[in-house]
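Below is one structure; the comments refer to it alone.
The values are calculated or read from the model by the stated rules, or taken from the named source; none is laboratory data. Values in this document were obtained by computation on a predicted structure and should not be read as measured data. Here Cβ is always computed from backbone atoms with ideal geometry, including for glycine, and neighbour counts include all displayed protein chains. Only protein heavy atoms, including side chains, enter the accessible area calculation; ligands, DNA and RNA are left aside. Shrake-Rupley method; radii C 1.70, N 1.55, O 1.52, S 1.80 Å.
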Amino acid sequence: MALDWRRAARLLAREAPRLVREVQRARAARPATPRPAPRRAPSGARRSAPGGGDRVLAYAPDLDGRADPGEVVWTWVAYEDDPAQGKDRPVLVVGRDGDRLAGVMLSSNAERDGQRDWLALGTGPWDRDGRPSWVRLDRVLDVPEGGIRREGAVLDRARFDRVADALRRQHGWS
């Protein structure tokens, strides 16, 4: 019996969205996996809520289904001019305080190159088209962990450190 590739492709296109929804529902329904206690902040550093104050920016990626500093994740980001609207976009997680994450949004808009408050990040697996990205330094997002849609990629340590150094300079964090 020969495989009809066209028929198989149509079947896949028709059934894939349903299968994705079922997997998402199943993942949401399963109990959370217990995690070890969070690592202590480096000596002298103060921990605070991601919403303000001094922040601990620590590289700690771990592709375990939970967002960690150093990972690019996808989440809903409200527009500044109309918080009732927004879009799903990639965000680099730079800090964690319990179930709240501090993150900076990414953009693949080439107009960001050289703009104030945007730092060139380069390309990475978070963008399926391989476009260069920039991170926005002047808007640090406070993201509830439950708002993370999916993990996208791990940013390498050198680029994370560049972003963290720029955030420390811009916001006066230690």
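Structure notes:
- Cα-only Debye scattering, the range 58-174: base-10 log of I(q)/I(0) at q = 0.13, 0.22 Å⁻¹: -0.45, -1.40
- Per-residue ³J(HN,Hα) for the range 75-85, Karplus 6.51 cos²θ - 1.76 cosθ + 1.60, θ = phi - 60°, Hz, x for Gly and Pro: 8, 6, 10, 6, 6, 5, 7, 8, x, 6, 10
- Trypsin sites (Lys or Arg not before Pro) within the range 102-172, DSSP loop, no more than 12 other Cβ atoms inside 10 Å: Arg116, Arg128
- Amide H contacts of Ser133 (H built 1.01 Å from N, under 5 Å, at least 5 apart or other chain): Leu121, Gly122, Thr123
- Protein-only accessible surface at a 1.4 angstrom probe places the residues Val77, Val154 in the order Val154, Val77, largest first.
- Centre-to-centre, using Cα atoms only, the range 107-174 and the range 50-105 are separated by 10 Å.
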